[in-house]
Structures are given as C-alpha cells and as structure tokens.
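Asker: Dropping a structure here in structure tokens format, bear with me for questions.
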Amino acid sequence: MSALLEVREVSHRFGGLHVLKGVSFTVEAGSVTGLIGPNGAGKSTLFNIISGFLTPSVGRIVLLGEDATRLGIQHRSRMGLQRTFQTPQVFRDLTVRENLVAGCHRHGRTGVLEAFLGLPQVRREMRDAAIVADAAIERFDLGPYRDVPAGELPAGRQRMVELARAVVAEPKLLCLDEPSSGLSTAEVQILMQVLRRLNEEGMTILLVSHDMELMEITSKMHALCFGEIIASGSLDAMRASPRVREAYLGT
Ligand SMILES: Nc1ncnc2c1ncn2[C@@H]1O[C@H](COP(=O)(O)OP(=O)(O)OP(=O)(O)O)[C@@H](O)[C@H]1O
Ligand SMILES: [Mg+2]
C-alpha cells in the first residue's frame, strides 16, 4: 500500500495555545484509518489543516504525493479529498436531492457560459448528476426525505445527507469528523455498513470519532492527546494501551 495522505510534523497555534505539536502519520491507500482522542485533543483542527480550511503554523500535508499544504479547499477537492464536519453542513434551503446534485459538481467539466447556452454537454451532466443523486438517496436510505429542505431534517438525517453529498463526489479520500454523533443506534449500524461498503469499493477513509463501536471498521488507529500522537495500532492495541486509557479515563 502507498500513502494517500501524509501528515508531516504538523504543528499549529491559536495565539498562545499550542494545539498541535509535531503530528505525523500516514493514511494508506485503501485503508480505513481512525483518529481518536479526548475533547480538545486537536482532532478537528487537524482535519481543518488536512482539508485546507487552515494552514498549519509548521509542517506539511502531502496528498497523493503532492505537497498540498498551501493548496486551497477547492483544489484539494478536485484532487479527490472530501470531508464532513463535526456539526453537519448542508445547504439548508435546498432539498435533499438538490444537495446531492450539488455534490456531483466536482465532476462537471462545463462552465457558466456552457450552462447559459444550454449546450448538450451541460444537459448530459445534469442528467448524470440526477442519476447519481437518486442512487445515493437509495443507498443512504433518504427516500422519504428526497424533496424536503435539508435544514428541516433531524440532526441524524442531516448527517446522512452531508455524508451522501461527500460520497457522490467520488472522493479518493473521505475524511469524516465524528460521523456517528447525533445518530440513533440503528443509524450507526447503517453508517457502518455504508462505510464498509465504500471502503470495499476502494474509497480510503479517515475517521475521527469517540465511538469505539464505529472504530471497529478501521484497520489502523492513531490516538491524539494534547496535540501529540500518543499511540498507534489496531483497535485492540488501543484498548490495551495504558496511555490511551489514561488519556480517556484519567487513570
Ligand atoms: N479557531 C480557534 N481559535 C482558538 N482556539 C481554538 C480554535 N479552534 C479550536 N481551538 C482550541 O484548540 C483546541 C483543540 O480543538 P479541536 O476542536 O481541534 O479539538 P477536538 O479534538 O476536535 O475536540 P472535540 O473532541 O471536542 O471535537 C481546543 O483547546 C480548542 O478550544
Ligand atoms: Mg472536534
């Protein structure tokens, strides 16, 4: 396996607060890699740095072998990186289906002028996006909500819409920040099935979560505590690690 993502010696400060301190790890192509850590460990900050919402004070982000540290969010998206947020971000006024059609946009080859002229290529892309969106509605069990504005859905369903929107862009690397938070037990089961299936189909996944049940789908995990990786290994190794137990339980 080769590294799809390399986080190299990343440090970050918010003013005087040293949030990340020389974090390094890799996400291998084809893996589901987990990142755990107590509240405030720096997980979401690291996600923001990986996806381009923040530039690290020090260090490098290497995406598909290319130094992406200073590349913008859109550029990384076109390279094949999609992410979701700890608080789900959906287009609240658009229906579920419209959210998913919008998510297909990364594949669009045509621009504003072509759209204005209504060229056949544009009509074809719109039709393809609608087909992909409808398939995602089935897959993510969103049928009953298809024509409902996403902002009106319960939190768990909004999370599914956000995930589906990231998936229809067919990312090579899908980064999920606490995807099971706010989901019912049944929804978590669906989420795990969907993520397993996406991974079998070749999608690489980086997963931040406190949910150890969800972490069963990971092949390797890293534990972050006060901005430093304190342990790496399998889920069982994490559970057995005195450092991880101490970070979580304070014992
Ligand atoms: N924009 C910001 N400005 C200042 N401090 C910030 C900012 N964002 C995060 N922090 C601080 O950085 C630290 C790490 O926050 P971060 O959100 O990355 O942690 P986390 O591991 O994702 O935590 P949680 O499990 O609660 O989501 C916290 O102390 C937080 O208060
Ligand atoms: Mg967080």
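The values are calculated or read from the model by the stated rules, or taken from the named source; none is laboratory data. Here the structure is a predicted model, which is why all the values come from computation and not from measurement. Here Cβ is always computed from backbone atoms with ideal geometry, including for glycine, and neighbour counts include all displayed protein chains. We work out accessible area using only protein heavy atoms, side chains counted, and drop any ligands, DNA or RNA first. Shrake-Rupley method; radii C 1.70, N 1.55, O 1.52, S 1.80 Å.
Asker: Which of the residues belonging to segment 19-36 are within 13 Å of ligand 1 (Cβ to nearest atom), among the β-branched types (Val, Ile, Thr) and farther than 12 Å from Val208 by Cβ? Explain how you work it out, then say what you get.
Answerer: Step one: of segment 19-36, the residues within 13 Å of ligand 1 (Cβ to nearest atom) are 19-21, 23, 35-36.
The next check asks that each one be among the β-branched types (Val, Ile, Thr); those that pass are 19, 23, 36.
Across segment 19-36, the qualifying residues are Val19, Val23.
Asker: Return yes or no: is Val101 outside any loop (DSSP other than H, G, I, E, B), in the same structural domain as Glu28 (by TED's automatic domain parsing), out of contact with any Gly (no Cβ under 7 Å at 6 or more places or on another chain) and crowded, with 16+ Cβ neighbours inside 10 Å? Explain how you work it out, then say what you get.
Answerer: Numbers: outside any loop (DSSP other than H, G, I, E, B): yes; in the same structural domain as Glu28 (by TED's automatic domain parsing): no; out of contact with any Gly (no Cβ under 7 Å at 6 or more places or on another chain): yes; crowded, with 16+ Cβ neighbours inside 10 Å: yes.
Taking the combined requirement at face value, the residue does not satisfy it.
Asker: Please verify whether segment 176-189 includes one or more residues that are of a type in the set (Ser, Thr, Tyr) and within 16 Å of ligand 1 (Cβ to nearest atom). Quick ask: steps written out before the conclusion?
Answerer: Filtering segment 176-189 for residues of a type in the set (Ser, Thr, Tyr) gives 180-181, 184-185.
When the remaining residues are screened for being within 16 Å of ligand 1 (Cβ to nearest atom), the result is 180-181.
Checked against the condition, which is being of a type in the set (Ser, Thr, Tyr) and within 16 Å of ligand 1 (Cβ to nearest atom), segment 176-189 yields at least one hit.
Asker: Something else about it: Among the candidates Asp177, Asp147, Asp211, single out the residue that is within 16 Å of ligand 2 (Cβ to nearest atom), modelled with pLDDT of 95 or more and closer than 22 Å to Gln89 by Cβ.
Answerer: Details: Asp147 fails: within 16 Å of ligand 2 (Cβ to nearest atom); Asp211 fails: modelled with pLDDT of 95 or more.
Sole residue among the options that is within 16 Å of ligand 2 (Cβ to nearest atom), modelled with pLDDT of 95 or more and closer than 22 Å to Gln89 by Cβ: Asp177.
Asker: While we're here: Taking the conditions exactly as written (within 10 Å of ligand 1 (Cβ to nearest atom), surrounded by fewer than 16 Cβ atoms within 10 Å (Cβ to Cβ) and assigned by TED's automatic domain parsing to the domain that holds Glu6), does Asn39 satisfy them or not? Walk me through how you get there before you give the answer.
Answerer: Numbers: within 10 Å of ligand 1 (Cβ to nearest atom): yes; surrounded by fewer than 16 Cβ atoms within 10 Å (Cβ to Cβ): yes; assigned by TED's automatic domain parsing to the domain that holds Glu6: yes.
Judged against the criteria, Asn39 is a match.
Asker: Being within 16 Å of ligand 2 (Cβ to nearest atom), in contact with a helix residue (DSSP H, G or I) (Cβ under 9 Å, 6 or more places away or on another chain) and of a type in the set (Gly, Ala, Ser) narrows it down to one residue among Ser31, Ser44, Ser51; which is it? Before you say what the answer is, go through the steps one by one.
Answerer: Values: Ser31 fails: within 16 Å of ligand 2 (Cβ to nearest atom); Ser44 fails: in contact with a helix residue (DSSP H, G or I) (Cβ under 9 Å, 6 or more places away or on another chain).
Selected residue: Ser51, the only one of Ser31, Ser44, Ser51 that is within 16 Å of ligand 2 (Cβ to nearest atom), in contact with a helix residue (DSSP H, G or I) (Cβ under 9 Å, 6 or more places away or on another chain) and of a type in the set (Gly, Ala, Ser).
Asker: Say whether the condition of being in contact with a Leu (Cβ under 7 Å, 6 or more places away or on another chain) and under 23 Å from Met79 (Cβ atoms) is met by at least one residue in segment 226-235. It would help to see each step written out before you state the result.
Answerer: Looking only at segment 226-235, we keep the residues that are in contact with a Leu (Cβ under 7 Å, 6 or more places away or on another chain), and these are 227.
Remaining after also requiring under 23 Å from Met79 (Cβ atoms): none.
Looking for residues that are in contact with a Leu (Cβ under 7 Å, 6 or more places away or on another chain) and under 23 Å from Met79 (Cβ atoms), one finds none in segment 226-235, hence no.
Asker: Have a look at Arg124, Arg78 and point out the one that is more than 30 Å from Glu246 (Cα to Cα), at pLDDT below 90 and either surrounded by fewer than 18 Cβ atoms within 10 Å (Cβ to Cβ) or not polar (S, T, N, Q) (or both).
Answerer: Working: Arg78 fails: at pLDDT below 90.
Just a single option satisfies the conditions, and that option is Arg124.
Asker: Could you go through segment 181-197 and let me know if any residue there is hydroxyl-bearing (Ser, Thr, Tyr) and under 21 Å from Arg92 (Cα atoms). Before the answer, list the steps.
Answerer: We begin by selecting, within segment 181-197, every residue hydroxyl-bearing (Ser, Thr, Tyr); these are 181, 184-185.
Cutting the leftovers down to under 21 Å from Arg92 (Cα atoms) gives us 181.
For segment 181-197, residues hydroxyl-bearing (Ser, Thr, Tyr) and under 21 Å from Arg92 (Cα atoms): present.
Quick grid of which residues meet (1) within 16 Å of ligand 2 (Cβ to nearest atom); (2) under 17 Å from Glu28 (Cα atoms); (3) open to solvent by less than 10 Å² (accessible area, probe 1.4 Å):
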{"residue": "Val161", "(1), (2), (3)": "no, no, yes"}
{"residue": "Ser184", "(1), (2), (3)": "no, no, no"}
{"residue": "Gln193", "(1), (2), (3)": "no, no, no"}
{"residue": "Ile205", "(1), (2), (3)": "no, yes, yes"}
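Asker: In the set Ala237, Ala247, which member is surrounded by 14 or more Cβ atoms within 10 Å (Cβ to Cβ) and within 16 Å of ligand 2 (Cβ to nearest atom)? Reasoning before the result, please.
Answerer: Details: Ala237 fails: within 16 Å of ligand 2 (Cβ to nearest atom).
None of the others qualify; the one that does is Ala247.
Asker: Restricting attention to segment 65-79, does a residue exist that is within 30 Å of Arg239 (Cα to Cα), in contact (Cβ under 8 Å) with a residue 24 or more places away in the chain and either of a type in the set (A, V, I, L, M, F, W, C) or in the same structural domain as Ser181 (by TED's automatic domain parsing) (or both)?
Answerer: First pass over segment 65-79, keeping only residues within 30 Å of Arg239 (Cα to Cα): none.
So far as segment 65-79 goes, no, none of its residues is within 30 Å of Arg239 (Cα to Cα), in contact (Cβ under 8 Å) with a residue 24 or more places away in the chain and either of a type in the set (A, V, I, L, M, F, W, C) or in the same structural domain as Ser181 (by TED's automatic domain parsing) (or both).
Asker: Sticking with this structure for a sec: Among the listed residues Leu20, Leu71, Leu35, which satisfies the condition of being under 19 Å from the mean Cα position of the chain (by Cα) and either closer than 29 Å to Met192 by Cβ or modelled with pLDDT under 95 (or both)? Working first, answer last.
Answerer: Numbers: Leu20 fails: under 19 Å from the mean Cα position of the chain (by Cα); Leu71 fails: either closer than 29 Å to Met192 by Cβ or modelled with pLDDT under 95 (or both).
So the residue among Leu20, Leu71, Leu35 that is under 19 Å from the mean Cα position of the chain (by Cα) and either closer than 29 Å to Met192 by Cβ or modelled with pLDDT under 95 (or both) is Leu35.
Asker: Which count do you get for residues in segment 140-159 that are open to solvent by less than 10 Å² (accessible area, probe 1.4 Å) and either within 16 Å of ligand 1 (Cβ to nearest atom) or assigned to a helix (DSSP H, G or I) (or both)? Before the answer, list the steps.
Answerer: Our first condition is that a residue be open to solvent by less than 10 Å² (accessible area, probe 1.4 Å); within segment 140-159, this holds for 140, 142, 150, 156.
From what's left, either within 16 Å of ligand 1 (Cβ to nearest atom) or assigned to a helix (DSSP H, G or I) (or both): 150, 156.
Result for segment 140-159: 2.
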